[in-house]
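Novice: Supplied in structure tokens, the structure appears directly below.
The values are calculated or read from the model by the stated rules, or taken from the named source; none is laboratory data. A quick note: this is a predicted structure, and the numbers were derived from the prediction, not measured.
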Amino acid sequence: MSRGSWTYWRTPKHHPVLIHCEAGSARTGFATAAFRIVFDGWSYEKAMEEARDLDFPTPHKDIDREYDKILRELADRKAGWAATPGSGPASRP
């Protein structure tokens, strides 16, 4: 996800946000989980529970592990962003 997509997502005039990837529903699930963690303040566990409940498939185990690693890192860094206003992707213009 690019900085541009974070900027777009955090702008209320663009809400609600539709995340769609015709060729990769796993990317859609990843983007949705990342959105939940960064913008909705969800834990990694809660975001992954939603992804499982919505049956987002994973295309390949190596990609799944990389997505998982990135989502865990987002969740870990989220606390620091909340403690330091303007430091996370949700606060960048």
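Novice: When you scan segment 42-65, do you find a residue that is modelled with pLDDT under 85, of a type in the set (D, E, K, R) and within 12 Å of the chain's Cα centre (by Cα), even just one?
Specialist: Within segment 42-65, not a single residue is modelled with pLDDT under 85, of a type in the set (D, E, K, R) and within 12 Å of the chain's Cα centre (by Cα).
Novice: If I ask for residues that are assigned to a helix (DSSP H, G or I) and modelled with pLDDT under 70, which ones from segment 4-27 would you list? Steps first, answer last, please.
Specialist: Going through segment 4-27, the residues assigned to a helix (DSSP H, G or I) turn out to be 4-10, 12-14, 25-27.
Correct list: Gly4, Ser5, Trp6, Ser25.
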